[in-house]
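In what follows, a structure is listed as structure tokens, so that the remarks can point back to it.
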Amino acid sequence: MAESKVRHILGLSGGKDSTALAVLLHKEIPEMEYFFCDTHKELPETYEYLDRIKARLGIKIHYLSDKRGFDHWLAIHDGLLPSPQMRWCTVKMKIKPLEDFVGDDEAVSYIGIRADENRDGYISTKPNIKPVFPFKERGLVKADIIRLLEDSGIGLPDYYRWRSRSGCFFCFFQRKYEWVMLAQEHPDLFQKAVEYESNHADGRTYTWTDGESLLQLLERKDEIIAPHEKLMVKEKKTAFNLHLVEALEESLNQEKEDLPCLVCHL
């Protein structure tokens, strides 16, 4: 009986690190299978960035989705919005489609976590999926990732002008500044997020951010935006400026909210 072939897989999140990993490995491992867990609730910029990746690298991306979708699982959870304490969206919309994609095959999963990060990302509990961390193994840090993206011609996703990471447009890990900027950049998507947190028939109220609704948050937009604009004016506003990326991340992280869902940022 012939030995089964080991699959090589790389999850693209639509963010800088997983994209840089694809740049690094696409020639080294031509049999690599690239995938994107598509919730169908992504930013338009994310889909545009994935198209750019495909065009520049000449690769195919498998778009993995849960067949029933977010609204189905929201109804199953009686309208309870996902949160850092209840990440049902991660399980249903990200982990399950990925593990279905791999099945029982032996697979090596290449994960884009840098040498200057102290985290592991999502590691499958399935024994047939082995995680590998090429950036850590090669000592590559954020400056190397930016350089890889610049040299490839792919660059950074456009949403980095106002948002520090990829994910659904209503991701509960967004900082308050990012919510305000979502209202400015995509008012239609912001309105959809508002509709998701509206009062339910049984009188309960759910909010994406702790302690205030999105409309209440938007009333404070000038107060929220001011410190970020002050910081950004010190940086040159170019798409490939490492300091701009770092400044946005540092400023947003000062809000001391939880770390993002790592499976969404494979």
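Test ILE129 against the criterion of being buried (at least 18 other Cβ atoms within 10 Å of the Cβ), more than 14 Å from the chain's Cα centre (by Cα) and modelled with pLDDT of 90 or more, and give yes or no. If you could, list the steps in order and put the result at the bottom.
On the way: buried (at least 18 other Cβ atoms within 10 Å of the Cβ): yes; more than 14 Å from the chain's Cα centre (by Cα): yes; modelled with pLDDT of 90 or more: yes.
Considered against the rule, which asks whether it is buried (at least 18 other Cβ atoms within 10 Å of the Cβ), more than 14 Å from the chain's Cα centre (by Cα) and modelled with pLDDT of 90 or more, ILE129 comes out as yes.
Only one of (1) among the basic types (Lys, Arg); (2) open to solvent by 20 Å² or more (accessible area, probe 1.4 Å); (3) within 17 Å of the chain's Cα centre (by Cα); (4) under 23 Å from MET93 (Cβ atoms) fails for LYS192. Which number is that? The one condition LYS192 does not meet is (3).
Among residues of the range 171-189 being in contact (Cβ under 8 Å) with a residue 60 or more places away in the chain and open to solvent by 10 Å² or more (accessible area, probe 1.4 Å), the one that is nearest to the chain's Cα centre (by Cα) is CYS171. Output the residue which, of all residues in the range 1-15 that are more than 18 Å from CYS168 (Cβ to Cβ) and not β-branched (Val, Ile, Thr), is surrounded by the most Cβ atoms within 10 Å (Cβ to Cβ). It comes out as LEU10. Taking LEU140 as the residue in question, decide whether it is under 17 Å from LEU10 (Cβ atoms), open to solvent by 10 Å² or more (accessible area, probe 1.4 Å), part of a loop (DSSP other than H, G, I, E, B) and at pLDDT 90 or above. Spelling it out, LEU140 is indeed under 17 Å from LEU10 (Cβ atoms), open to solvent by 10 Å² or more (accessible area, probe 1.4 Å), part of a loop (DSSP other than H, G, I, E, B) and at pLDDT 90 or above. Only one of the numbered conditions (1) without any contact (Cβ under 8 Å) to a residue 60 or more places away in the chain; (2) part of a helix (DSSP H, G or I) is not met by THR90, and that is (1). Going through (1) open to solvent by less than 10 Å² (accessible area, probe 1.4 Å); (2) modelled with pLDDT of 95 or more one by one, SER166 falls short only on (2).
Only one entry of PRO97, PRO84 meets the criterion of being modelled with pLDDT under 90 and farther than 24 Å from ILE154 by Cβ, and that entry is PRO84. Can you find even one residue in the range 22-44 that is among the basic types (Lys, Arg), surrounded by fewer than 19 Cβ atoms within 10 Å (Cβ to Cβ), touching a residue at least 60 places away in the same chain (Cβ under 8 Å) and over 20 Å from PHE170 (Cβ atoms)? So far as the range 22-44 goes, no, none of its residues is among the basic types (Lys, Arg), surrounded by fewer than 19 Cβ atoms within 10 Å (Cβ to Cβ), touching a residue at least 60 places away in the same chain (Cβ under 8 Å) and over 20 Å from PHE170 (Cβ atoms). Of the residues making up the range 202-221, those that are within 22 Å of PRO84 (Cβ to Cβ), modelled with pLDDT under 90 and not hydroxyl-bearing (Ser, Thr, Tyr) are ARG204, ASP210, GLY211. Set side by side, the residues ILE113, ILE145, ILE154 differ, and just one is farther than 23 Å from GLY211 by Cα, open to solvent by less than 20 Å² (accessible area, probe 1.4 Å), assigned to a helix (DSSP H, G or I) and not aromatic (Phe, Trp, Tyr), which is ILE145. None of ARG119, ARG68 is closer than 20 Å to GLY167 by Cα and more than 20 Å from the chain's Cα centre (by Cα) except ARG68. Figure legend. Inter-residue proximity from the range 58-81: first residues open to solvent by 70 Å² or more (accessible area, probe 1.4 Å), second residues of a type in the set (A, V, I, L, M, F, W, C), beta-carbon distance below 7 Å, spacing 6+ or different chains. Indicated pairs: TYR63/PHE36.
The values are calculated or read from the model by the stated rules, or taken from the named source; none is laboratory data. Source: prediction; values computed, not measured. Neighbour counts run over all protein chains shown; Cβ positions are idealised from the backbone, glycine included. Surface accessibility is based on the protein's heavy atoms, side chains included, excluding ligands, DNA and RNA. Shrake-Rupley method; radii C 1.70, N 1.55, O 1.52, S 1.80 Å.
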